[in-house]
């Protein structure tokens, strides 16, 4: 896609996405664009199809039809782990962590393309692997510092609070060197003080060049963070625009307030 203006190109473009479960049309001809370097929001009432759309973008669920272009390449045919290696990484509404591993070990598991993953390289490249592991540990600790969890590095991940698990999951996503992170309700179940901290860190990472697509029911979070907001209702696109435009959009108000 070629832009006619000087705005950054879209990093992610999805068109015509459809997914049905039995007779239920969860997503119907949905589209979305995420501009490189932006924080883009995805909102809608409960049951609007937002998380299903995330699952389709990351191919955790295969679309019945539609197309997803990421960084100029179609990815709807790729398995989720390959999509992650291409640079599109997601988090989940309920933060997932390996509870009986340390916080640091959870981070290290997310490092991509590790030499030691292949048996023969373990045998013939031990020095390379040792150097790489040292670099991964240093990077993991730097990211844990950035999410405020460095002091918890040796603790079991299962001992973290819900908000801290959200921060760990975001940190683990950053460990994968992504181009785009899909955040599914980063503020859900988090106390207000930690919500502010998560938002501040998202802004900092965005200023450093990271692109985000965020599902969130907390409208204060969406309106304070996002450059552009897409709205879904009943599995379909309802509206898109700036936060200010969305706040007074008649169809959005009707979907949320029933007016």
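The rows are residues; the columns are (1) touching a helix residue (DSSP H, G or I) at 6+ places or on another chain (Cβ under 6 Å); (2) modelled with pLDDT under 90; (3) at negative phi.
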site: 75; (1), (2), (3): yes, no, yes
site: 85; (1), (2), (3): no, yes, yes
site: 96; (1), (2), (3): no, yes, yes
site: 135; (1), (2), (3): no, yes, yes
site: 148; (1), (2), (3): no, yes, no
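Here is a yes/no grid of residues against (1) assigned to a helix (DSSP H, G or I); (2) in contact with a strand residue (DSSP E or B) (Cβ under 7 Å, 6 or more places away or on another chain); (3) without any contact (Cβ under 8 Å) to a residue 24 or more places away in the chain:
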| residue | (1), (2), (3) |
| --- | --- |
| 134 | yes, no, yes |
| 137 | yes, no, no |
| 145 | yes, no, yes |
| 171 | yes, no, no |
| 181 | no, yes, no |
| 197 | yes, no, no |
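Those strands (runs of 3 or more DSSP E) of the range 1-70 in which at least 3 residues are over 15 Å from the mean Cα position of the chain (by Cα) and crowded, with 18+ Cβ neighbours inside 10 Å, considering only elements entirely within it, cover 10-21, 24-35. Criterion applied to 78, 101, 42 was being farther than 24 Å from residue 203 by Cα and touching a residue at least 40 places away in the same chain (Cβ under 8 Å), and the one residue passing it is 101.
The values are calculated or read from the model by the stated rules, or taken from the named source; none is laboratory data. Only a predicted model underlies this, so the values are computations on that prediction, with no experimental measurement involved. Cβ: placed from backbone, ideal geometry, glycine included. Neighbour counts: every protein chain shown.
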